[in-house]
Amino acid sequence: MTSPARPPAQFMVDEVSPSYWRVTFENGPVNLIDARSIEQLARLVSRIEESPALTVVVFDSANPEYFMAHWDLRADKARVAGMAPGPTGLHPYLDNLVRLSKVPAVTISAIRGRARGAGSEFVLATDIRFAGDKAILGHPEVGLGAVPGGGPMARLARLVGRGRAAEILLGADDIPAELAERYGYVNRVLPDGGLAGFVDVFARRIAGFDKAAVEGTKALLDWASLPPDEEFGPGLAAFFQTSGRPENAARVRYLFENGLQTPAGAELDLGRAVGEFASSLDTGPVWGPG
Amino acid sequence: MTSPARPPAQFMVDEVSPSYWRVTFENGPVNLIDARSIEQLARLVSRIEESPALTVVVFDSANPEYFMAHWDLRADKARVAGMAPGPTGLHPYLDNLVRLSKVPAVTISAIRGRARGAGSEFVLATDIRFAGDKAILGHPEVGLGAVPGGGPMARLARLVGRGRAAEILLGADDIPAELAERYGYVNRVLPDGGLAGFVDVFARRIAGFDKAAVEGTKALLDWASLPPDEEFGPGLAAFFQTSGRPENAARVRYLFENGLQTPAGAELDLGRAVGEFASSLDTGPVWGPG
Amino acid sequence: MTSPARPPAQFMVDEVSPSYWRVTFENGPVNLIDARSIEQLARLVSRIEESPALTVVVFDSANPEYFMAHWDLRADKARVAGMAPGPTGLHPYLDNLVRLSKVPAVTISAIRGRARGAGSEFVLATDIRFAGDKAILGHPEVGLGAVPGGGPMARLARLVGRGRAAEILLGADDIPAELAERYGYVNRVLPDGGLAGFVDVFARRIAGFDKAAVEGTKALLDWASLPPDEEFGPGLAAFFQTSGRPENAARVRYLFENGLQTPAGAELDLGRAVGEFASSLDTGPVWGPG
């Protein structure tokens with residue numbers, strides 16, 4: 001009799017030093033986020049909370065094309081909906097993000113490739129976002145018939161302003177790195193090949209600072225700038241109510257037939273693919289001069 | 001006996017499809033906003049609220065030079081001040097803007113030409129602002145001796161930050177499209193000739209999305225990002241208290257003598273015209289080196 | 001018997017006209033802020049509050065390299081901590097900044113040279129920030145082992161968004177003018193030689209406007225955009241708790257040995273100097289490809 005194989009670690013932690021960790025995400029060919037990601041991230045956030053010397057954590061991806069593609073649309077919805085709440089009392093998907101945003105260390109996303117939907121929600125829950133110039137961010141959920149569940153309405157509106165948040169969330173299109181920087185969705189864009197080095201220098205700098213100064217400053221910044229916890233629950237409830245409805249089955253089927261959740265095809269240009277289906281519906285004559 | 005002629009429609013609604021309307025504003029040679037605009041907009045907002053399939057509404061102008069010039073300074077102030085409150089309990093001018101910002105469809109301003117004062121307040125109450133590269137936005141009210149009445153203090157501070165909102169509102173100068181984009185006053189600037197086509201493609205995309213997903217997402221975005229209704233009343237009260245005071249009669253006369261509310265003259269470069277009068281007052285010697 | 005010499009004025013007020021003042025700061029070779037600055041600024045803010053015709057105040061520096069370097073690290077901490085509260089009930093350092101942000105005149109910082117730490121806190125408490133293209137802003141406090149005390153967590157998060165505020169405050173690096181503009185830390189950047197003229201034209205424009213319109217508009221903008229007073233006290237308390245701890249004595253000594261608080265050396269590139277010390281600590285192997 002053998003014990004079941006332990007699921008592979010999706011978040012690989014490199015303890016560069018006691019004050020500086022680098023965490024690399026890897027889950028399948030496009031880095032999907034699934035129920036196991038939730039469980040593993042919950043443990044990682046607790047480890048970060050409980051490491052008194054830890055001053056800075058960098059998150060990157062093992063896949064240069066996909067930082068985190070998005071939520072796995074084939075995940076067992078009933079199992080996920082039934083997961084036990086985390087320490088904040090929120091569903092563990094939200095609990096992770098809310099707790100991550102408040103850890104006493106500085107968190108930095110080094111974004112290469114695509115970070116859409118839940119991937120965008122993850123980077124929005126970190127303190128600082130640096131992106132390579134080929135990165136793509138976005139929220140395709142509305143284009144798939146669902147309300148985004150992880151709080152981007154709360155976080156993006158405060159970060160980029162209501163108008164640009166409306167464009168990102170309701171337009172459901174890809175936001176290339178350069179536009180993301182212009183909108184304030186990411187802090188800065190670096191050449192793709194220079195991103196890791198830039199972020200490493202920035203992180204080592206902070207790793208050498210006094211932890212009490214970092215922690216005290218971040219706590220006051222959190223107070224000034226984080227959405228109240230109560231804003232997150234209704235978003236996840238709306239996601240569970242709207243996702244997977246039969247009204248949108250044809251949209252999702254169309255995307256899977258065109259490569260969704262595989263490294264090529266629709267997943268590369270998901271914003272365009274979502275729009276192609278929507279625009280194929282009858283919305284009247286095409287606009288023309290006059 | 002003939003019935004009185006019905007006043008012409010200022011907001012012309014083109015129902016492109018049940019999910020997509022285009023609304024074109026037209027009122028005289030420079031698209032002034034007046035008491036009739038308030039009455040007609042109130043009915044239009046109600047129609048939008050009551051159209052369950054409607055997913056996206058684009059607002060544009062019949063006049064490429066003037067999206068909406070500003071409030072008609074020759075309007076009967078007593079009549080306007082006495083208008084009955086709207087459903088929110090606010091004066092109908094504010095009620096329109098507050099209700100417009102919360103309709104369950106996505107609203108988009110496609111701004112060609114000038115949108116100043118009440119015109120700026122209108123576009124700030126829509127969700128998304130795309131502008132042609134010749135567009136001009138701004139708030140000349142302070143330069144005319146009045147507090148802006150339609151809530152730009154509440155909306156602009158949240159959109160572009162306190163510093164740039166202060167510059168726009170207290171400097172009372174024209175904000176050309178490129179600067180408006182840099183400040184976040186508008187989402188993006190497009191070449192003037194390409195604006196309508198760009199916005200139409202964007203709107204058709206959203207028109208093809210599931211209404212429940214759009215409505216649910218927008219409701220949470222509204223919660224996260226709209227100013228509380230209570231912030232609007234004091235601004236309109238301050239406008240009624242400050243506008244039309246004899247202290248500023250010479251300013252307003254100067255502008256009317258120079259083409260205010262006509263397609264040419266001061267209306268073209270209102271920011272400059274307002275400043276010329278102000279700078280002609282004695283404020284000491286001109287600055288020089290040393 | 002001679003009376004003691006009166007300390008020199010650090011804030012020199014040029015009453016250009018009753019509606020327009022220019023205030024020039026000068027305190028030693030790098031324009032440090034110290035206990036006397038607090039006392040003199042308190043009186044200046046009261047004068048501004050009590051001048052009914054005053055519509056606009058421009059703040060600049062007598063030193064083109066240093067707008068205001070930062071807080072004087074050699075100031076007597078016990079004396080400063082023991083200063084009597086100002087009219088808001090806050091410590092006078094905070095009281096000055098909170099009251100300055102609410103004066104009924106428009107306040108403008110014309111920033112040439114460096115404005116770090118307390119210098120940045122000063123310009124963040126004015127309404128509008130215009131900067132020369134050689135200006136440098138930033139918050140080195142965390143890099144010196146202290147929590148910033150004058151409320152930049154509250155103000156920057158609202159101005160530039162949480163992500164960029166985190167980068168500025170926790171990275172503790174210099175923010176050159178161009179990046180400061182891109183982030184919204186300053187309104188606009190002008191060529192260094194043209195800054196004073198640009199600001200003077202802008203200020204004269206406002207000086208010619210009706211004071212009631214300016215004051216009424218600013219009061220509503222303050223309501224919409226200023227942090228609540230309660231957010232400031234905990235930051236100053238954290239500063240007093242964290243600054244001057246023996247854990248960070250070596251950092252501060254290193255900087256003083258390299259020219260801190262003198263016009264040359266570490267003060268020129270303080271962000272780099274702070275990082276050099278931090279990065280010299282052992283934080284593991286240097287990052288490399290792979």
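The values are calculated or read from the model by the stated rules, or taken from the named source; none is laboratory data. All figures in this text were calculated on a predicted structure; none of them were measured in a lab. Using ideal geometry, Cβ is built from the backbone for each residue, glycine included, and neighbour counts are taken over all protein chains shown. What goes into the accessible areas is simple: the full protein's heavy atoms, side chains included, and nothing from ligands, DNA or RNA. Shrake-Rupley method; radii C 1.70, N 1.55, O 1.52, S 1.80 Å.
Descriptive notes on the structure:
- Residue among B:LEU73, B:LEU90, B:LEU97 that alone is crowded, with 22+ Cβ neighbours inside 10 Å and closer than 21 Å to B:PHE240 by Cβ: B:LEU97
- Pairs meeting the criteria (first residue in region A:128-152 and within 14 Å of chain B (Cβ to nearest Cβ) and on the phi > 0 side of the Ramachandran plot, second residue of a type in the set (Val, Ile, Thr) and outside any loop (DSSP other than H, G, I, E, B), beta carbons under 7 Å, at least 6 apart or on different chains) are A:GLY138/A:ILE168; A:GLY138/A:ILE175; A:GLY145/A:THR242.
- Every condition in (1) touching a helix residue (DSSP H, G or I) at 6+ places or on another chain (Cβ under 9 Å); (2) over 24 Å from B:GLY184 (Cβ atoms); (3) open to solvent by 30 Å² or more (accessible area, probe 1.4 Å) is met by C:VAL189 except one, and the failing one is (2).
- Considering residues of region A:24-41 that are more than 15 Å from the chain's Cα centre (by Cα) and touching a residue at least 40 places away in the same chain (Cβ under 8 Å) only, the residue least open to solvent (accessible area, probe 1.4 Å): A:GLU39
- Condition met for A:ALA172 (over 28 Å from A:LEU90 (Cβ atoms), touching a strand residue (DSSP E or B) at 6+ places or on another chain (Cβ under 8 Å) and aliphatic (A, V, I, L, M)): no
- The single condition among (1) away from chain B (no Cβ under 14 Å); (2) more than 17 Å from the chain's Cα centre (by Cα); (3) hydroxyl-bearing (Ser, Thr, Tyr) that C:TYR93 does not satisfy is (2).
- Test: B:PHE198 is open to solvent by 40 Å² or more (accessible area, probe 1.4 Å), within 11 Å of chain A (Cβ to nearest Cβ) and within 20 Å of B:VAL16 (Cβ to Cβ): yes
- For B:ASP60, the conditions (1) open to solvent by 30 Å² or more (accessible area, probe 1.4 Å); (2) over 22 Å from B:ARG129 (Cα atoms) all hold with the exception of (2).
- Scanning region A:1-23 for residues that are within 18 Å of A:ALA110 (Cβ to Cβ) and open to solvent by 30 Å² or more (accessible area, probe 1.4 Å) returns A:MET12, A:VAL13, A:ASP14, A:GLU15, A:ARG22.
- Qualifying residue in region C:36-50 (condition: in a loop (DSSP other than H, G, I, E, B) and closer than 24 Å to C:ILE128 by Cβ): yes
- Exactly one residue among B:GLY244, B:GLY259, B:GLY271 is touching a strand residue (DSSP E or B) at 6+ places or on another chain (Cβ under 7 Å), more than 7 Å from every other protein chain (Cβ to nearest Cβ) and either open to solvent by less than 20 Å² (accessible area, probe 1.4 Å) or modelled with pLDDT under 95 (or both), and that residue is B:GLY271.
- With respect to the conditions (1) open to solvent by less than 40 Å² (accessible area, probe 1.4 Å); (2) more than 7 Å from every other protein chain (Cβ to nearest Cβ); (3) at pLDDT below 95, B:THR283 lacks only one, and its number is (2).
- Single match in A:ALA78, A:ALA53 (criterion: of a type in the set (Gly, Ala, Ser), modelled with pLDDT under 95 and surrounded by fewer than 24 Cβ atoms within 10 Å (Cβ to Cβ)): A:ALA78
- Among the residues of region B:126-140, just one is assigned to a strand (DSSP E or B) and either open to solvent by 10 Å² or more (accessible area, probe 1.4 Å) or of a type in the set (Asp, Glu) (or both), namely B:ILE136.
- Residues of region B:161-176 classified as open to solvent by 10 Å² or more (accessible area, probe 1.4 Å) and facing another protein chain (nearest Cβ under 7 Å), total: 2
- Qualifying helices (runs of 4 or more DSSP H) (wholly inside region C:159-245; at least 3 residues being without any contact (Cβ under 8 Å) to a residue 60 or more places away in the chain): C:162-171, C:177-183, C:195-207, C:211-225
- Filter pass, B:VAL214 being touching a helix residue (DSSP H, G or I) at 6+ places or on another chain (Cβ under 7 Å), open to solvent by less than 40 Å² (accessible area, probe 1.4 Å), hydrophobic (A, V, I, L, M, F, W, C) and away from chain C (no Cβ under 12 Å): yes
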